[in-house]
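Throughout, read-outs are computed from the coordinates displayed, never taken from laboratory work. This structure is a prediction, so every number in the text was calculated from the model and none was measured. No Cβ is skipped: glycine too gets one built from the backbone with ideal geometry, and neighbour counts run over all protein chains shown.
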Ligand code: PEP
Ligand code: MN
């Protein structure tokens, strides 16, 4: 159960609600929220006591209304927030009728590479440019990213080419710096349960693209989102990027498209799909990209490199600009078939 306070509720009124929940032997949970402060009831409530409790809490001063939320993650649940949430990133809205495509290289490698990527993906219709400046790699000997130089290039390319940007942050201490250079923070699959990173991203108020860990259940993903949301940051986009495969002979991961309709049903947050990491081979990416839009995704994040064989990371799964342009044309048709539109800027 969640008690939503009026926007102008005083701290005293919030404390009265907390005390009323406490007095019944239940555990109150303060939920800062964006506009409204809310108070949750963390303990299970006996069904016969529910209406009575809701009635007496609704009668307290400063209370707007009471919502029954049976899911353990409260703020991320559809019960708490029935309408789909739209997250604004730069000038782009994710989670509305229009599906959006985020595209770009796995990593920012050089000025020429990121500018060429930005021009190419923008002219093909991508609304957000991706590119990692901090690359969490399996091997410490692999390319780790350009770090601050990469962030500066992302800022330059955004200002000169005119496209919103997203990049991964791996260290909670870097959140502020990364947020100062790009429009959206990416929390990578490996970091999904780095709770101090989630809290720091929540406190930044910046939009967050939260990737599902390769072994994470959907509940674990939504709990990770809850860490960001309960810092008062409602700008969270969920991302399915593939789970551990049964075998890696033909694919890098298994793209769990089941996650799309399920997450859209149980949560109000937008869902995007990463077919590049999901399947791991460029030649299969377009089919899975189309499948993701057909399954109801609000958007895609696709790796595109001006010269994939020369890429410093993930070249095997990166589309060329030509293949990406061809993919976009087919995505427009798939989006229409499921009563959506592909945002073309
Ligand atoms: C990436 O987007 O390049 C990346 C490292 O993704 P993930 O965290 O999903 O592995
Ligand atoms: Mn990558």
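Overview of results
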quantity	calculated
C-alpha long axis of helix 285-294 to longest principal axis of the chain, angle in °	30
Cα-only Debye scattering, the chain: base-10 log of I(q)/I(0) at q = 0.12, 0.13, 0.15 Å⁻¹	-0.82, -0.94, -1.17
Sorted peptide list for 335-345, 266-276, criterion being average Cβ within 10 angstrom, highest first	266-276, 335-345
Hydrodynamic radius of region 99-194 per Kirkwood, over alpha carbon pairs, in Å	13.3
Euclidean distance between Cα centres, region 212-244 to region 287-308, Å	19
Fraction of alpha-carbon pairs over 17 Å apart in region 172-214 - percent	20
Mean separation of Cα contacts under 8 Å, 6 or more apart, over the residue count of region 45-200: relative contact order %	16
Hydrodynamic radius of region 1-112 per Kirkwood, over alpha carbon pairs, in Å	16.4
Scaled radius of gyration (Cα, divided by 2.2 N^0.38 Å) that region 203-251 gives	1.37
Highest to lowest packing among 146-154, 299-307, scored as the average C-beta count within 10 Å	299-307, 146-154
Rounded tilt (10° steps) of 195-204 against the dominant C-alpha axis of the chain	90
Region 1-62-region 139-204 distance, computed between alpha-carbon centres (Å)	36
Percent antiparallel among DSSP beta bridges (both partners in region 166-324, rounded to 5)	5
Taking region 211-345 and dividing mean pair separation by its residue count, relative contact order in percent (alpha carbons under 8 Å, at least six apart)	18
Residue with peak Gaussian network fluctuation, the chain [Cα springs, cutoff 10 Å], from 72, 140, 207	140
Antiparallel DSSP beta bridges within region 85-201, as percent of all bridges there, nearest 5	25
Region 1-58: C-alpha gyration tensor shape, a/c 1.5 cut-off, then a/b vs b/c	prolate
Folded to 0 to 90 degrees: helix 11-23 orientation relative to the chain principal axis, Cα	70
The chain, relative contact order in percent, only Cα pairs under 8 angstrom and at least six apart counted	17
